[in-house]
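Structure first, commentary second.
The values are calculated or read from the model by the stated rules, or taken from the named source; none is laboratory data. Not measured: the values here are computed from a predicted model. FYI the Cβ positions are ideal-geometry reconstructions off the backbone, even for glycines, and counts take in every protein chain you see.
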Amino acid sequence: MVPRVVARKYAAFALLLPPLAFFLVFFVCPLGYLFFVSLHAPSESELYGARLTLANYGAILGDGFYLAIIRRTLLLAAAILALALVLGYATAYLIALLPQRLRLWLLLLLFFPLMVSNVIRAYGWIAILGRRGLVNALLGWLGLSAAPLPLLYGFSAVTLGLMTILLPYMIVSIVNALAAIDRQYEEAARSLGAGPWRTFFRVTLPLSSPGVASGMLLVFLLTLSAYVTVTLLGGPRTKILVSLVYDATTSFEWPRAAALAFVLLVLALAVSAPVFLLRRPDRAELPR
Amino acid sequence: MRRRSFLKSAALAGAAALPLARAGFAADKPAEIVVMTWGGLWGNALKDGVDAAIEAASGIKVLQDRGASPVERITKLKINLDHQTFDAFQLHDGLWPLAVKEGVVEPIDPASPRLGNLKNVYPRFIHSHWVAQIFSAIGITYNTKLVKTPPAAFADLWRPEFKGRIVLPDITHSIGPDIIAIGALAAGKDAKDADAGFEMLKRMVGQQPIWVKDTDSIMNAFRDEEAVIGLLYTSQTFTVQGWGTPVKWVFPAEGAIAISWGTGIAKNTKNKDWAEVYLNLTLDAKTQPFFTKAFNYPGTNKGSLAELPPELQARVRYSDDELKRLVELDQSFMADHRAEWTDRWNRIVAAG
């Protein structure tokens, strides 16, 4: 007879098996194939040529143009991350202080804009930021600008567009972490003489760090893979790595597109690892 | 079905019935055929004209796949080659050489009994692997209220006063690579002089144009007055005029760029005979006016113009002189250089 503990282990494994199999078949295998494609020369008529080569990676990593695009991609991600973190934490802190029912309603409201497609949202921004858009009309009406300002098709328009999509992810992640913190820890720190800032940096922030880290990961990874908003609000002068992946597919340069996708993946992993290490609730100086 | 739609279908069925009666079919009649095409007004015109005609004549329903961009259509055909799920597809002239090169389109059989309309199509629109159903010209569109001195040539796009107010298709747009040929023409060189074209592109970047990915965005840029000048088809200029925007189309001194849209048969389709019937219906003098009415595009069937009301005929007809001055770009040459040009274009425009 199988002992109960062993049977439980098998049952747990059996439960894990379907998602694991799904992950293997629909993610790991295609990714492996993508990597295989990236190691080939291009072909005029086939998906990829017969010759194995590292030339696609060499062409990307040894070329100033691609490196400039990689820098722009990281800069955009960093700008969004910093803004989302500062604005997101402050908002989340206030929301976390509210009674649970009100908090839930506010979080629901935060997600309302996400129910609209990114394409529609981007066209909305075009209507707002365009030459004849709301902002320029308001500036003109107030006499603050003689001619319409070019607010679209640049880094700032993309940042604004992406922020409105990604900020809720950051806020919700941090609110959940903050709401789970026992307020007695903060009260204990204050009663032991710590000021509000010290309490925040020594207690609240470390305890909320898992939420901060998951929010940062979500925002960073979603920025790296954003395409519609970047394309519609940024135009070609704000192209990032994803844009070049798309361009390579439109000219049937599949191995180059695959290699660019892998460079993007490596960037995502390289930045995600240190963000993951930010999760340090053990750093909080809690009364033992 | 409303009475009007019924009568329309009945007339089209009549048009289709004769060739169908004589055509021998190798395979059983399918319940439906799948056609990859554009959405919006185009897809609707196709549905009301061609799809309705084949359904009325044969009972075959047409499933339109409108979800893929023109380039993505080629990709979808390519990955389905072993088990083809598509029967026919539509592209503009610039992408057909790529479709042929990628091996996703069947050659046209001019002797096929199911392609009877070929004899009524102007020969310049019949190609080895596809046949155009409508055509237009790319020239300059400008806002007559905001532009003081009207443009007369492609070279005028580079005039300093248009800085920041020019709308152009970006390199991933179907006609994106045409800007290189247009730049070369504007510099007084041959359309295939890519170096001259890219030099002009560098100068154009200094003009800070609005680069857009699709034709609707070009039209919207005119409507919203983001742009006062840009590249556009004759036909869509009429559409923008219809929105109340004061725009005018100019046939450039260097010659307008000819462009046509048409249909090919998906490689390895299981319903090749019926795909031919479908293609034939896109060339019918009775179905082409659906597109002319929707877009102001003239049809490629010599008899299609006669099916239109006189004022529409006058609007879409090109003069003999204009037809002579239409520039036919070497699409095979451009397709061969598409990857290289995309890369060069990105280095100039996207490098910032």
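For the stretch A:243-253, the criterion of being touching a Pro at 6+ places or on another chain (Cβ under 6 Å), within 14 Å of chain B (Cβ to nearest Cβ) and farther than 22 Å from residue A:271 by Cβ is met by at least one residue.
Within the stretch A:1-56, the set of residues being surrounded by 13 or more Cβ atoms within 10 Å (Cβ to Cβ) and in contact with a strand residue (DSSP E or B) (Cβ under 7 Å, 6 or more places away or on another chain) comprises A:39, A:40, A:48, A:49, A:53. Screening the candidates A:138, A:129 for the property of being farther than 27 Å from residue A:214 by Cβ, of a type outside the set (Gly, Ala, Ser) and surrounded by fewer than 18 Cβ atoms within 10 Å (Cβ to Cβ) yields one hit, A:138. Please work out which residue is nearest to the chain's Cα centre (by Cα), limiting yourself to the stretch A:180-216 and to residues that are small (Gly, Ala, Ser) and more than 24 Å from residue A:82 (Cβ to Cβ). Ranking the qualifying residues of the stretch A:180-216, first place goes to A:180.
Screening A:36, A:23 for residues that are among the aromatic types (Phe, Trp, Tyr), over 25 Å from residue A:223 (Cβ atoms) and more than 14 Å from chain B (Cβ to nearest Cβ) leaves exactly one candidate, A:36. Filtering the stretch B:61-98 to residues that are within 13 Å of residue B:265 (Cα to Cα), over 15 Å from the mean Cα position of the chain (by Cα) and touching a residue at least 40 places away in the same chain (Cβ under 8 Å) leaves B:77, B:81, B:84, B:85, B:86, B:87, B:88. Name the residues in the stretch B:302-352 that are closer than 24 Å to residue B:97 by Cβ, out of contact with any Pro (no Cβ under 6 Å at 6 or more places or on another chain), more than 14 Å from chain A (Cβ to nearest Cβ) and in contact (Cβ under 8 Å) with a residue 12 or more places away in the chain, would you? Result: B:325, B:326, B:327, B:328, B:329, B:330, B:333. The residue that is farthest from the other protein chains (Cβ to nearest Cβ), among those in the stretch B:66-78 that are assigned to a helix (DSSP H, G or I) and not charged (D, E, K, R), is B:77. Reported count of residues in the stretch B:221-265, each being within 10 Å of chain A (Cβ to nearest Cβ) and surrounded by fewer than 21 Cβ atoms within 10 Å (Cβ to Cβ), is 3. So which residues in the stretch A:77-116 are at pLDDT below 95, of a type in the set (Phe, Trp, Tyr) and under 22 Å from residue A:223 (Cβ atoms), if there are any at all? Listed by number, the residues that qualify are A:111, A:112. All conditions in (1) surrounded by fewer than 23 Cβ atoms within 10 Å (Cβ to Cβ); (2) at pLDDT 95 or above hold for residue B:181, with the sole exception of (1). Kindly indicate the residue of the stretch A:202-260 that is buried (at least 23 other Cβ atoms within 10 Å of the Cβ) and among the basic types (Lys, Arg) and also farthest from residue A:153 (Cα to Cα) among those meeting that condition. Restricting to residues being buried (at least 23 other Cβ atoms within 10 Å of the Cβ) and among the basic types (Lys, Arg), the top hit is A:256.
Identify, from the list B:63, B:91, the residue that is away from chain A (no Cβ under 14 Å), assigned to a strand (DSSP E or B) and on the phi < 0 side of the Ramachandran plot. Write out each step before concluding.
Details: B:91 fails: away from chain A (no Cβ under 14 Å).
Result of the check over B:63, B:91: B:63.
Considering only residues in the stretch B:312-333 that are among the polar types (S, T, N, Q) and surrounded by fewer than 17 Cβ atoms within 10 Å (Cβ to Cβ), the one that is nearest to residue B:189 (Cα to Cα) turns out to be B:332.
Taking the criterion of being surrounded by fewer than 17 Cβ atoms within 10 Å (Cβ to Cβ) and away from chain B (no Cβ under 14 Å), the residues of the stretch A:141-159 that qualify are A:141, A:142, A:143, A:144, A:145, A:146. The selection criterion, being polar (S, T, N, Q) and either in a helix (DSSP H, G or I) or touching a residue at least 40 places away in the same chain (Cβ under 8 Å) (or both), holds for residue B:133. Just one residue in the set A:83, A:108, A:114, A:97 is in contact (Cβ under 8 Å) with a residue 60 or more places away in the chain and either away from every other protein chain (no Cβ under 14 Å) or over 23 Å from the mean Cα position of the chain (by Cα) (or both); that residue is A:83.
Only a single item in (1) closer than 24 Å to residue B:235 by Cβ; (2) modelled with pLDDT of 95 or more; (3) outside the structural domain of residue B:219 (by TED's automatic domain parsing); (4) hydroxyl-bearing (Ser, Thr, Tyr) is not met by residue B:128, and it is number (1).
Sub-8 Å Cβ pairs linking a first residue in the stretch A:185-202 that is closer than 19 Å to residue A:94 by Cα to a second residue that is at pLDDT below 85 and outside any helix (DSSP H, G or I), at least 6 apart or interchain, are A:185/A:284; A:185/A:286; A:185/A:287; A:202/A:284; A:202/A:285, ordered by first then second residue. Consider residue A:75 carefully, then state whether it is away from every other protein chain (no Cβ under 14 Å) and more than 18 Å from residue B:340 (Cα to Cα). Taking the combined requirement at face value, the residue does not satisfy it.
Residue A:199 meets each of the listed conditions (1) away from chain B (no Cβ under 14 Å); (2) touching a Phe, Trp or Tyr at 6+ places or on another chain (Cβ under 8 Å); (3) over 22 Å from residue A:34 (Cβ atoms); (4) not basic (Lys, Arg) apart from (2). For the criterion of being modelled with pLDDT under 95, within 30 Å of residue A:245 (Cα to Cα) and in contact with a helix residue (DSSP H, G or I) (Cβ under 9 Å, 6 or more places away or on another chain), residue B:164 fails.
Looking at residue A:216 and the list (1) in contact with an Asp or Glu (Cβ under 8 Å, 6 or more places away or on another chain); (2) of a type in the set (A, V, I, L, M, F, W, C); (3) over 27 Å from residue B:343 (Cβ atoms), which single condition is not satisfied? Just one mismatch for residue A:216, condition (1). If the condition is being free of Cβ contacts under 8 Å to residues at least 12 places away in the same chain and within 14 Å of residue A:233 (Cα to Cα), then the stretch A:122-148 contributes A:124, A:127, A:128.
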